[in-house]
């Protein structure tokens with residue numbers, strides 16, 4: 001993932017950390033009810049439109065609201081998205097007075113009632129880059145209350161036995177005041193408009209509520225006090241690590257460890273102390289390590305507890321908070337108030353977020369039963385790196401329910417494609433519930449949007465049972481604003497609880513030290529950052545049996561390229577060789593291999609060969625062979641071929657040797673999640689000079705994709721497919737939620753970024769696998785992948801007797817693979833010919849010798865009497881020849897000894913991939929519920945619309961009386 005705009009963040013999470021512009025404004029009338037029309041006026045002199053890139057005085061309001069007690073955000077104003085405000089939120093500009101005005105009625109505009117406070121800011125249509133004002137908050141109601149001391153929602157530190165002064169005033173005449181501490185009334189004043197009280201001799205933590213009542217209206221202002229408990233110094237028991245340490249011998253105990261340098265004291269607040277900790281829950285401090293720790297006792301095994309840390313700095317540096325409430329940095333499950341929007345059914349029995357709390361909380365559960373891994377996982381032998389074919393998947397966009405269960409239900413789809421590895425885009429806890437996952441906030445916690453920990457493990461286990469490795473995409477270059485290691489040392493000048501790293505932060509840089517800034521930039525030279533990264537590695541390898549990591553944005557692991565006033569200088573620095581980056585990434589790879597010697601390490605570096613060679617060739621001569629696989633983007637050149645256009649068509653850099661790699665450590669690809677779909681550009685920009693082969697025609701464009709697979713997938717070394725490329729996905733990567741495409745290739749950068757929007761699911765609802773034009777790509781690629789993963793010729797390295805040669809630069813790229821060390825009875829020579837022109841071409845095959853050759857796609861023999869006699873290849877066509885036939889090159893390859901059904905799950909019907917003589921459907925308990933006894937041709941629709949929803953077992957016999965029993969999910 002490169003420079004991206006994150007769209008799926010909640011408003012407070014998308015706060016940028018540069019200086020916001022302060023605007024002057026008025027609200028008329030100053031006091032108003034929620035049903036009163038009010039006019040907001042912005043002084044144009046206080047807005048620097050040019051800095052925001054505003055054209056035509058187009059300023060917009062971004063709005064939110066709180067309930068009467070100012071505790072819960074509510075309402076659905078027409079904001080649009082952060083980078084594309086809704087036109088309904090635009091201000092009206094008056095050039096004579098140089099003012100911006102907007103008249104609203106709160107209940108109508110915010111689409112809610114019971115409003116106690118409205119909030120808004122002024123922004124450019126695209127607010128990315130902090131093109132916005134400060135937050136503006138306005139009380140609603142004729143009765144408004146101003147808490148002057150202490151600040152509303154503040155947490156105040158007091159010495160044990162100390163005092164706290166409280167002062168407030170109200171509008172609209174006298175009111176009744178009632179001050180409560182921990183739910184008990186401690187002072188009242190029945191008739192005043194100016195309230196003052198001093199709470200003395202405070203010895204325990206206090207949650208205050210100041211209730212102000214006037215007639216039928218009551219407004220509550222909240223704040224709290226934390227008592228300095230006096231830190232107890234005590235040596236930490238040996239063997240503890242940061243985070244939760246479960247007691248293996250006693251499920252009633254667990255020990256928490258927090259590394260919080262520069263902090264004075266820490267409380268643990270949680271469900272076990274009703275979120276109001278006494279000094280018993282003040283963490284002790286180990287003087288040797290400087291870490292805080294606390295043993296929890298009296299826990300009930302199998303009970304979900306929630307907790308967070310109250311971290312206190314009594315003398316904070318300027319613009320940093322004295323108290324931060326945060327979840328555990330090493331959480332494996334966190335809860336927040338946004339979890340209610342997780343797709344229904346994806347995470348059953350999710351623990352409830354504790355009412356009345358704020359920020360993330362950590363889940364603690366003693367007495368957990370370890371997952372029962374099958375022997376397929378405990379004895380799993382990973383596919384060879386040289387022969388990996390990786391299928392990249394975004395769980396959210398793979399199937400309609402956006403879940404691990406969807407992947408489990410589609411395991412036959414993966415198996416029949418013959419891929420041997422699946423790479424999941426990030427699944428760690430990310431901001432919001434709809435995301436690509438690169439806005440990670442907790443790297444050790446599984447995000448709940450796609451399912452439970454057990455369900456992900458079930459998927460991993462099922463993949464291993466089918467010979468498929470599972471690779472996880474990890475974004476360890478950065479973290480986002482909910483991350484505790486950011487929040488404990490954050491710069492928060494406006495006091496809203498969000499901010500970038502401060503100068504004291506022991507994990508993050510204040511600003512990125514490279515030109516690909518995303519979120520908060522980790523400093524990978526800091527020992528604490530290195531320790532954290534290694535704990536993340538250990539968690540996913542040992543707990544989830546993940547077979548490899550694809551490391552996102554590895555260019556960001558340098559500390560040598562700060563911004564010094566020139567973006568181009570910073571960019572040039574980032575893109576050249578950086579020794580600190582080489583060293584730290586080798587260190588992380590070494591740690592991964594210390595836990596799992598065959599672990600896959602894959603870097604998304606997309607950099608210069610001299611640096612990538614350092615990783616690709618690293619420890620490659622060992623047994624087992626190491627070496628980091630490097631992402632090899634070849635999208636543009638393969639797209640020129642697929643479009644039939646005249647751009648650069650040289651694809652030689654799909655070969656690892658072209659980059660100076662000793663071994664096959666180049667994971668080349670024509671498509672990835674970051675690149676535009678080949679098929680989309682085929683349809684938009686494909687060559688149309690030949691009406692009989694117009695690439696802008698959908699079926700013509702689809703017919704060319706098999707040839708793209710032939711000269712990409714068969715190149716020796718690991719390769720990658722981005723999901724549904726094998727079905728000819730033609731929707732743009734910039735497709736928006738509403739189906740429109742927000743892109744402008746002629747203008748360069750898209751005017752609005754829908755890249756991260758949730759995509760539609762036509763591949764299943766329209767049964768793409770049953771479309772002959774699309775399934776041809778699927779089955780052709782499956783044959784190619786099977787050829788690559790099973791034939792010994794693809795094991796060969798480049799020697800005097802073996803190697804490969806990519807000849808390209810024209811519309812007819814060719815690929816030659818040979819291994820003369822193999823016996824003549826085996827497949828030892830492969831010749832791949834393609835024609836990606838729009839007319840038939842006579843291609844010179846340059847066979848290495850004459851004799852009988854075989855078309856490996858169907859085993860048809862070809863008598864070669866001249867090695868240079870041309871072969872006529874139709875437009876968009878290809879040929880794969882071998883000196884020997886292949887067991888994979890038959891018309892029945894798609895059966896490959898198996899019968900399978902699709903679509904699955906389904907609601908109305910299913911099909912079989914072969915002619916059938918008998919089909920029976922059984923309930924899960926074994927009763928026959930439906931049968932089809934007549935012979936049916938391939939592609940016959942077997943109706944199940946009359947069956948109830950549930951799981952069934954299908955028993956199918958083909959014409960040869962071969963039997964297959966399959967699970968079917970009726971939706």
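The values are calculated or read from the model by the stated rules, or taken from the named source; none is laboratory data. Everything numeric in this text was worked out from a predicted model, so none of it was measured. When we count neighbours, we look across all protein chains shown, and the Cβ atoms used for this are built from the backbone with ideal geometry, even at glycine.
If you take the residues in the range 122-143 that are in a strand (DSSP E or B) and under 29 Å from the mean Cα position of the chain (by Cα), which one is surrounded by the most Cβ atoms within 10 Å (Cβ to Cβ)?
Of all residues in the range 122-143, those in a strand (DSSP E or B) come to 122-124, 132-133, 136-139.
Filter again for under 29 Å from the mean Cα position of the chain (by Cα), leaving 123-124, 132.
On the way: 123: 25, 124: 22, 132: 23.
Of everything passing the filter in the range 122-143, 123 is surrounded by the most Cβ atoms within 10 Å (Cβ to Cβ).
If I ask for residues that are surrounded by fewer than 17 Cβ atoms within 10 Å (Cβ to Cβ) and assigned to a loop (DSSP other than H, G, I, E, B), which ones from the range 607-619 would you list?
608, 619 - these are the residues of the range 607-619 that are surrounded by fewer than 17 Cβ atoms within 10 Å (Cβ to Cβ) and assigned to a loop (DSSP other than H, G, I, E, B).
Need a quick list: strands (runs of 3 or more DSSP E) entirely within the range 862-971 having at least 3 residues that are farther than 30 Å from residue 849 by Cα.
909-912, 916-923, 928-932, 950-958, 963-970
Inspect the range 289-311 for any residue being modelled with pLDDT of 95 or more, touching a helix residue (DSSP H, G or I) at 6+ places or on another chain (Cβ under 6 Å), within 19 Å of residue 490 (Cβ to Cβ) and not in a loop (DSSP other than H, G, I, E, B) and give the result as yes or no.
Within the range 289-311, not a single residue is modelled with pLDDT of 95 or more, touching a helix residue (DSSP H, G or I) at 6+ places or on another chain (Cβ under 6 Å), within 19 Å of residue 490 (Cβ to Cβ) and not in a loop (DSSP other than H, G, I, E, B).
Could you say whether any residue in the range 874-883 is under 14 Å from residue 964 (Cα atoms) and either modelled with pLDDT of 90 or more or touching a helix residue (DSSP H, G or I) at 6+ places or on another chain (Cβ under 6 Å) (or both)?
Scanning the range 874-883, I find no residue that is under 14 Å from residue 964 (Cα atoms) and either modelled with pLDDT of 90 or more or touching a helix residue (DSSP H, G or I) at 6+ places or on another chain (Cβ under 6 Å) (or both), so the answer is no.
Could we say that residue 849 is farther than 14 Å from residue 652 by Cα, in the same structural domain as residue 786 (by the TED database) and assigned to a loop (DSSP other than H, G, I, E, B) here?
So residue 849 passes the test.
Scan the range 573-582 and tell me whether some residue there is assigned by the TED database to the domain that holds residue 619, in a helix (DSSP H, G or I) and surrounded by fewer than 17 Cβ atoms within 10 Å (Cβ to Cβ).
The answer is yes, given that some residue of the range 573-582 is assigned by the TED database to the domain that holds residue 619, in a helix (DSSP H, G or I) and surrounded by fewer than 17 Cβ atoms within 10 Å (Cβ to Cβ).
For the range 444-455, what are the residues that are buried (at least 24 other Cβ atoms within 10 Å of the Cβ), in contact with a helix residue (DSSP H, G or I) (Cβ under 6 Å, 6 or more places away or on another chain) and at negative phi?
Scanning the range 444-455 gives 446, 450.
Going by the structure shown, is residue 806 touching a residue at least 12 places away in the same chain (Cβ under 8 Å), under 17 Å from residue 650 (Cβ atoms) and either surrounded by 22 or more Cβ atoms within 10 Å (Cβ to Cβ) or not assigned by the TED database to the domain that holds residue 688 (or both)?
For residue 806, the condition - touching a residue at least 12 places away in the same chain (Cβ under 8 Å), under 17 Å from residue 650 (Cβ atoms) and either surrounded by 22 or more Cβ atoms within 10 Å (Cβ to Cβ) or not assigned by the TED database to the domain that holds residue 688 (or both) - is met.
From the list 577, 600, 563, 544, pick out the single residue that is touching a strand residue (DSSP E or B) at 6+ places or on another chain (Cβ under 6 Å) and touching a residue at least 24 places away in the same chain (Cβ under 8 Å). Reasoning before the result, please.
Working: 577 fails: touching a strand residue (DSSP E or B) at 6+ places or on another chain (Cβ under 6 Å); 563 fails: touching a strand residue (DSSP E or B) at 6+ places or on another chain (Cβ under 6 Å); 544 fails: touching a strand residue (DSSP E or B) at 6+ places or on another chain (Cβ under 6 Å).
Among 577, 600, 563, 544, only 600 is touching a strand residue (DSSP E or B) at 6+ places or on another chain (Cβ under 6 Å) and touching a residue at least 24 places away in the same chain (Cβ under 8 Å).
Take the conditions surrounded by 14 or more Cβ atoms within 10 Å (Cβ to Cβ), under 30 Å from residue 787 (Cβ atoms) and either without any contact (Cβ under 8 Å) to a residue 12 or more places away in the chain or in contact with a strand residue (DSSP E or B) (Cβ under 7 Å, 6 or more places away or on another chain) (or both) and apply them to residue 964. Does it pass?
Yes; evaluated as a whole, the condition is true for this residue.
Let me spell it out: the conditions are (1) modelled with pLDDT of 95 or more; (2) crowded, with 16+ Cβ neighbours inside 10 Å, and residue 83 meets all of them except one. Which number is the exception?
Looking at each condition in turn, residue 83 falls short on (1).
Using the structure shown, decide if residue 831 is assigned to a loop (DSSP other than H, G, I, E, B) and at pLDDT 95 or above.
No, not satisfied.
For the range 374-458, list the strands (runs of 3 or more DSSP E) that sit wholly inside it and hold at least 1 residues that are under 21 Å from residue 725 (Cα atoms) and modelled with pLDDT of 95 or more; which are they?
Answer list for the range 374-458: 389-393, 421-424.
Is it the case, given these coordinates, that residue 764 is at pLDDT below 95, closer than 22 Å to residue 425 by Cβ, not assigned by the TED database to the domain that holds residue 397 and not in a loop (DSSP other than H, G, I, E, B)?
So residue 764 fits the description; yes.
What tally of residues in the range 517-536 results from selecting those that are part of a loop (DSSP other than H, G, I, E, B) and surrounded by 22 or more Cβ atoms within 10 Å (Cβ to Cβ)?
Pass one, the range 517-536, residues part of a loop (DSSP other than H, G, I, E, B): 517-519, 523-526.
From what's left, surrounded by 22 or more Cβ atoms within 10 Å (Cβ to Cβ): 518-519, 524.
Looking only at that region, the number is 3.
Kindly indicate the residue of the range 357-372 that is part of a loop (DSSP other than H, G, I, E, B) and surrounded by 11 or more Cβ atoms within 10 Å (Cβ to Cβ) and also nearest to the chain's Cα centre (by Cα) among those meeting that condition.
Checking each candidate, the answer is 360.
When both residues are 6+ apart or on different chains and their Cβ atoms are under 9 Å apart, which pairs have a first residue that lies in the range 937-959 and is assigned by the TED database to the domain that holds residue 918, and a second that is at pLDDT 90 or above and assigned to a loop (DSSP other than H, G, I, E, B)?
If the second residue must be at pLDDT 90 or above and assigned to a loop (DSSP other than H, G, I, E, B), the pairs left are 952/944.
Could you identify the single residue in 460, 427 that is out of contact with any helix residue (DSSP H, G or I) (no Cβ under 6 Å at 6 or more places or on another chain) and within 27 Å of residue 484 (Cα to Cα)?
Going through 460, 427 in turn, just one is out of contact with any helix residue (DSSP H, G or I) (no Cβ under 6 Å at 6 or more places or on another chain) and within 27 Å of residue 484 (Cα to Cα): 427.
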